[in-house]
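One structure follows; several queries about it will come next.
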Amino acid sequence: MSDAGLSRYAQTALFAEADPKDFIALLKPRVMSLVVFTALAGLIAAPGSIHPFMGLVAILSIAIGAGAAGALNMWYDADIDRVMGRTAKRPVPAGKISAEEALAFGLVLSIFSVVLLGLAANWFAAAFLAFTIFFYAVVYTMWLKRWTTQNIVIGGAAGAFPPMVGWAAVTGGATIDSFLLFLIIFIWTPPHFWALALVKSEDYARAGVPMLPVVAGPDATRLQILLYTLLLVPTGIAPYVTGLGGAAYLAVAVIGGIGMLALAVRVYRRREGKPATRACWQLFGFSILYLFGLFAALLAEKLAFKTFGWVL
Amino acid sequence: MIQSHNDDSGIVLTEAQIKARRRRSLALGAVIGTLCILFYLITVFRMGAAIVNRTM
C-alpha cells in the first residue's frame, strides 16, 4: 500500500462518513443468511434438545462469527476487490471504512461470537466456530485464494462447517450425520462457484486470482463442474440412506439432483456465446435453490417430528 | 471534505460526518443495550429454576 493510500485510510478512519449499514455490509449479509439457514438445519436435525432461547443465541453467535469472517476477508482482499466489478463497491475499496477499522471490527466480532457460543451452548461448538473463522480468514482468504486453482474446493470447507457447528451446539460433538451435512455443502461449492467464475473469469484474471477458468480454461472447468455434480447427487441422497432424512428429503434430493445434473450437462455442452453464459447463470441460480431445498426439507421433517411427532 | 483550521477550533467536521457519527453512535448504543439484555437473559436461562432457590 502506498503512502498516499495509507494517508487516505488514516483520514477515513478519523473522519469517517461510514454509516452503520456500511458495517453491516462488511458482514456479507447474503452469505450470512445461507450460513444461518444451514446452521439452523444442523441445530434442529441434531439428536437431543437445546433450550429454544439458547438455540437462538447459538444461531446468533454463528451468524456473527460468519459476519466476522466476512469482515476479515474484506480487510485482506481490499486490493483485489478494488479491481473487480462485482466487489468494487464494498465498503473498504469504496473508501467508506478503512482497512484497519474492518480488521478491528472482524477481530472483535470473532472473539465475541466464539465466547458467546461457548457461554450459550458449549465450548466444543465454540472451538469449532473459532476454527471455521480461522479457516475462512486465514486458510482460504490469506493462503489458498491467491495461490491455487483449488482455492474454492478446499476453502469451501469454511462455508460447509456451519451445520456441523449448529449440530455441535446441541450435542457437544460431531457424528457421521453431521459430517454428511458438511459434505453436501463441501461438494456443492465447486460447481456453484465455478459456474459464476466461468462468467466472471475476466474479473478474476484482472485481479490475479487463480480461479480454475482463468488457469485451466473454461473447457476444463466445465468438465470439473460435471464431475463434482455427479458426486454431489449421491451425496445429497446419502442422509436418506443413513436415516437422517425421510421421504420428503429424498424427493427433494432426487428431483433437485436431476435438475443439477441436467444443468451441469447443459453447461458442459454449451460452450460459446450467450447460450453458454445463460447455462452458467442457470446452474448458479439453481444450485442455490437446490441447497436451500435440501436443508429446508430436512428442517421441515425434523421440526414436524419434534413438534408434532409427524413422520414426513 | 475535511476542513482543518489552525485556530483553537481544531478540526471541524462536515455536516455529513457529524450526521454519520451520530448514526454510528446510535447504532452502537442500540447494540450495547441489546447485549446487556441478551447476557441478562442468558444468565437467567442458564440458572433456570435455581434463580429463585436462594436463602433469605
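Nothing in this text is a laboratory measurement; each read-out follows from the coordinates by a stated rule. It should be emphasised that the depicted structure is a prediction, and the values quoted were computed from it without experimental measurement. Cβ placement follows ideal geometry from the backbone for every residue including glycine, while neighbour counts extend to all protein chains displayed.
Suppose every Lys and Arg Cβ carries +1 and every Asp and Glu Cβ carries -1, with no other charges. What dipole size does the range A:88-223 come out with about its Cα centre, to the nearest 20 debye?
In total the dipole reaches around 280 debye.
Same structure, new question: Per q in 0.17, 0.21 Å⁻¹, report the Debye log10 I(q)/I(0) for the range A:127-216, using one uniform scatterer on each alpha carbon and no solvent.
Each listed q corresponds, in turn, to -0.73, -0.96.
If you don't mind, another one. Could you pull the Rg and Dmax for the range B:3-52, using just the Cα atoms, both in Å?
Radius of gyration, then largest Cα-Cα span, for the range B:3-52: 20.4, 63 Å.
Listed here are the pairs A:K28/B:K19; A:K145/B:K19; A:K28/A:K274; A:K96/A:K200; A:K28/A:K145; A:K200/B:K19; which of them are more than 27 Å apart at the Cα?
A:K145/B:K19; A:K28/A:K274; A:K200/B:K19
Would you please put A:188-200, A:139-151 in order of how densely packed they are, using the mean number of other Cβ atoms within 10 angstrom per residue and starting with the highest?
Sorting A:188-200, A:139-151 by mean packing, highest first, produces A:188-200, A:139-151.
Kirkwood Rh, Cα Rg: Rg to Rh for the protein assembly as shown?
1.03
Continuing with this model, one more query. What do you get when you divide the Cα radius of gyration of the range A:16-174 by 2.2 N^0.38 Å, with N the number of residues? List each step's numbers first, then the result.
Values: Rg = 15.6 Å, N = 159, 2.2 N^0.38 = 15.1 Å.
So the range A:16-174 has a normalised radius of gyration of 1.04.
Just want the answer: with Cβ charges of +1 for Lys and Arg and -1 for Asp and Glu, which residue in A:W167, A:Y228, A:A207 is farthest toward the dipole's positive end in the protein assembly as shown?
A:Y228
Once you charge only the Cβ atoms, +1 for Lys and Arg and -1 for Asp and Glu, what is the size of the charge dipole of chain A about its Cα centre, to the nearest 20 debye?
Working: 22 positive and 15 negative charges, 172 e Å.
My answer is approximately 820 debye.
Sticking with this structure for a sec: Can you find, among A:V31, A:L72, A:S113, the residue farthest towards the positive end of the dipole of chain A? Put +1 on the C-beta of Lys and Arg, -1 on that of Asp and Glu.
Most positive-ward Cα: A:V31.
Name the trypsin sites (Lys or Arg not before Pro) in the range A:236-312 that are in a loop by DSSP and that have at most 14 other C-beta atoms within 10 Å, would you?
Sites meeting the loop and neighbour criteria: A:R271.
For a footprinting-style exposure proxy, rank A:S98, A:S61 by other Cβ within 10 Å, fewest first.
A:S98, A:S61
Oh, and also: Considering the dipole of the protein assembly as shown built from charges on the beta carbon (Lys and Arg +1, Asp and Glu -1) around the Cα centre, which of A:A104, A:H192, A:L289 is farthest to its positive end?
Final value for the positive-end residue is A:L289.
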